[in-house]
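The values are calculated or read from the model by the stated rules, or taken from the named source; none is laboratory data. Source: prediction; values computed, not measured. All Cβ positions, glycine included, derive from the backbone under ideal geometry; neighbour counts span all protein chains shown. Accessible surface is based on the protein model in full, side chains and every heavy atom, while ligands, DNA and RNA are left aside. Shrake-Rupley method; radii C 1.70, N 1.55, O 1.52, S 1.80 Å.
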Amino acid sequence: MRAGSGGSLSGVSRFYVTTPIFYVNDVPHIGHAYPTITADALARWHRMMGDDTMFLTGTDEHGLKIQRAAEENGVTPQDQADTTSKRFRDAWELLDISNDQFIRTTEPRHHVSVQELLTRVKDNGYIEKATYAGHYCVSCEAYYNDGDLVDGDHCPIHERPVEWLEEENYFFKLSSLEKELTEWLTSDTVFPEGKRNEALGIVKLGLEDVSITRTSIDWGIPVPWDEDHVFYVWYDALINYATAVGFGSDSAEFERWWPHAHHIIGKDILRFHCVYWPAMLIAAGLEPPREVHVSGYLLLGGKKLSKTGLTQIAPADLVADFGVDGYRYHFLRDVSFGPDSEFSYESMVTRYNTDLANTLGNLLSRVATVVAKKCDGIGPAPTADSPLAPVAAECYAKAADGWSRFQTSVALEATWFLLRETNAYLEKHEPWKLEAGSLEVADVLGDALEVLRITAILASPALTRASTSIWQAIGLDGSPTDQRLPDAAEWGGYPGGCSVTKGAPLFPRLAVE
Ligand code: ME8
């Protein structure tokens with residue numbers, strides 16, 4: 001199956017998209033917003049495609065990292081989780097994130113689900129008790145082997161010293177699942193392909209059993225068969241994707257959504273999602289997820305934006321300058337999903353001015369001005385044989401392909417190509433110079449209005465606000481997001497006879513400093 005295709009049962013396509021659940025040790029930054037906006041735009045696209053869509057995000061609230069953050073802040077772990085989880089929800093509200101659910105791993109439904117899933121793994125013979133000693137990175141909440149460390153005793157990801165931990169733990173017999181994992185990884189499951197190969201490389205190197213419980217802390221979900229232990233935070237966290245769709249509480253709901261999951265993650269958590277998680281599901285007698293999409297890092301000055309470094313930027317800081325649409329558009333258009341991407345405020349200004357203020361904003365304002373002057377403010381219908389019609393058809397095909405492959409920048413570039421062609425079409429025909437009320441002026445403006453209708457729909461996964469403003473400005477009822485694709489993108493949908501209004505500029509130009 002190719003990337004992005006939904007599961008299909010009885011003819012209904014299902015699209016269940018998830019972000020990582022974020023740690024509540026510190027507040028959200030633009031690196032957390034990146035997978036969340038990507039998942040949001042994809043969910044919005046799939047809803048317009050008529051797919052049965054579920055979009056999940058949430059917070060990861062157990063483990064040593066959270067317990068220590070709480071101690072540093074002089075609060076209980078629960079207070080730490082409550083306060084910071086709310087900061088994530090507030091940030092997502094600010095960014096128009098349309099998640100269907102927000103899961104918190106401290107919820108009782110999640111406790112039930114974790115205990116049930118891991119009990120199944122144990123009952124199936126995949127869990128056993130042993131003593132473990134190793135180098136532990138609290139920031140990763142993970143053990144490392146000697147060979148993984150850098151500069152002697154530093155974590156390869158956080159570049160901070162690891163700690164030596166010794167515990168009697170329950171182990172997950174990961175080593176016995178190499179064959180099943182290789183099979184899963186060699187089907188079309190992990191994207192981009194380079195990341196699939198990386199995951200396959202981990203399996204080929206040989207898998208060791210992993211410790212999945214802790215006795216050193218109590219901020220976690222108790223192991224039902226041994227009260228002295230709590231589950232290790234990663235084994236608790238991964239199961240959120242199953243909990244949210246009914247595992248342990250509603251088996252019909254779980255059957256509806258599982259395994260149609262499309263996980264969006266950063267490359268830092270590839271091993272957990274592409275090796276441990278599918279293995280756990282297989283061990284529990286469940287199907288592994290349909291797809292995992294792995295993004296690169298947003299970098300600042302060549303370094304990963306992070307909580308622990310001094311490279312945090314809060315989404316609200318950028319929204320203040322660019323608006324919600326300007327913010328969303330930049331990350332969806334300029335960050336190609338997969339490779340690392342250097343964040344630059346200057347590129348954000350350039351992209352905003354070029355694509356939003358000039359190409360889109362000017363098109364709408366130009367069309368509305370000329371419709372007012374030459375057509376008494378009533379938008380004409382498009383022509384059936386417009387030269388823009390085949391351009392629009394090609395743009396839709398490319399955009400749909402981009403969205404289906406999680407390539408948001410490809411989808412938006414295709415959409416903006418149509419807008420640029422339409423501006424060129426206006427330059428060529430100069431309707432502002434044509435005779436008011438003439439057939440020619442009506443034809444040119446009708447075609448441009450039709451492009452505005454189509455692009456309002458196609459851009460709506462990125463521009464949650466401007467797409468509705470355009471829809472209303474060209475006199476249409478309802479909203480672009482209520483439209484059903486692919487039919488709504490067919491040329492000829494603008495009915496004509498609608499009242500077109502010229503409002504305030506959609507995207508006032510930003511002065512470049
Ligand atoms: O790892 N660039 O949570 P987390 C791009 N709780 N993406 C970034 C980023 C950056 N600079 N910084 C963070 C955890 N991210 C676990 C996940 S899932 C069952 C448990 C994104 O708060 C990226 O998607 O450290 C990364 O994988 C995620 O935030 C890690 O968030």
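Worth pointing out:
- Tally of residues being closer than 22 Å to GLU490 by Cα, among the aliphatic types (A, V, I, L, M) and open to solvent by less than 30 Å² (accessible area, probe 1.4 Å) across segment 356-387: 4
- Of all residues in segment 17-60, those being part of a loop (DSSP other than H, G, I, E, B) and within 10 Å of the ligand (Cβ to nearest atom) number 8.
- Test for ILE97: is it within 30 Å of ARG44 (Cβ to Cβ) and within 13 Å of the ligand (Cβ to nearest atom): no
- One residue alone among VAL367, VAL335 is within 16 Å of the ligand (Cβ to nearest atom) and not hydroxyl-bearing (Ser, Thr, Tyr), and that residue is VAL335.
- Comparison of ASN169, ASN145, ASN197 shows that the only residue that is over 24 Å from the mean Cα position of the chain (by Cα), exposed (fewer than 14 other Cβ atoms within 10 Å of the Cβ) and polar (S, T, N, Q) is ASN145.
- Of the helices (runs of 4 or more DSSP H) lying entirely inside segment 286-403, those containing at least 1 residues that are in contact with a strand residue (DSSP E or B) (Cβ under 6 Å, 6 or more places away or on another chain) are 362-374.
- Matching residues in segment 214-225 - criterion: being open to solvent by less than 50 Å² (accessible area, probe 1.4 Å) and either modelled with pLDDT of 95 or more or not in a strand (DSSP E or B) (or both): ILE217, TRP219, GLY220, ILE221, VAL223
- Inter-residue pairs, beta-carbon under 8 Å, first open to solvent by 40 Å² or more (accessible area, probe 1.4 Å) and in segment 56-77, second within 12 Å of the ligand (Cβ to nearest atom) and at pLDDT below 95, 6+ apart: ARG68/ASN25
- Restricted to segment 233-287, and to residues there that are polar (S, T, N, Q) and open to solvent by 10 Å² or more (accessible area, probe 1.4 Å), the residue that is nearest to the ligand (Cβ to nearest atom) is SER249.
- Qualifying residue in segment 202-213 (condition: within 31 Å of the chain's Cα centre (by Cα), without any contact (Cβ under 8 Å) to a residue 60 or more places away in the chain and buried (at least 21 other Cβ atoms within 10 Å of the Cβ)): yes
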